[in-house]
Amino acid sequence: MDQTFKKDERLRRSQDITETLKAGARLGQDGISLTFREREGAPGTRAGFIVRKKLGKAVSRNLMKRRMREAYRRIKCSVKPGYDLVFSANQIIEYIRVREAMAELIKRGKIEPEDQ
């Protein structure tokens, strides 16, 4: 099982993130929000991470982004291909809660593969 998080698996362009936020479905759980949309004919899933400035200084915001990226890297095998995902932190929480919240959001969004 590949647990890397390669560049082609990331939402890097601001335009892609904005389009996903505008057109996607939104779910929330324990301080983490997930906005997702399906991309027709896309071979893989891409993910992006947002932490708003109101949560604190750069150190705190970067810590939350690292936690969300790591949690996604470990659970990305439970996501169907062909989606754009944007995870947004609404508060600073511990890593284990981040991972549990992200896994629950993926399950609630029904974007996990059928065989799970």
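Antiparallel beta bridges, as assigned by DSSP with both residues in the chain, represent about 65 percent of the total such bridges. Ranking GLN15, GLY28, LEU63 by Cα position along the charge dipole of segment 1-80, where only Lys, Arg, Asp and Glu carry charges on their C-beta atoms, puts LEU63 farthest toward the positive end. Restricting the calculation to alpha carbons of the chain gives Rg and Dmax of 13.2, 42 angstrom. Structure remark: mean-square fluctuation, Gaussian network model of the chain, C-alpha springs under 10 Å; the largest value among GLN15, GLN29, GLN91 belongs to GLN15. Give me the angle, in degrees from 0 to 90, between the Cα long axis of helix 58-75 and the longest principal axis of the Cα atoms of the chain, rounded to the nearest 10. Relative to the chain, helix 58-75 is tipped by roughly 30 degrees.
In plain terms, if you count all Cα to Cα distances in segment 56-116 and split them into 10 Å steps from zero, the share in each step is 21, 52, 22, 4, 0 percent. Using only Cα atoms, tell me the angle between helix 95-108 and the longest principal axis of the chain; keep it within 0 to 90° and round to the nearest 10. Result, in degrees: 40.
In terms of Cα to Cα distance under 17 Å, which lysines are near enough to LYS57, apart from those fewer than 8 places away along the same chain? The qualifying lysines are LYS65.
All of the numbers you see were taken from the coordinates with simple rules; none came from a lab. As the structure is a computational prediction, the values presented were derived from the model and not from experiment. Backbone-built Cβ (ideal geometry, glycine too); neighbour counts: all protein chains shown.
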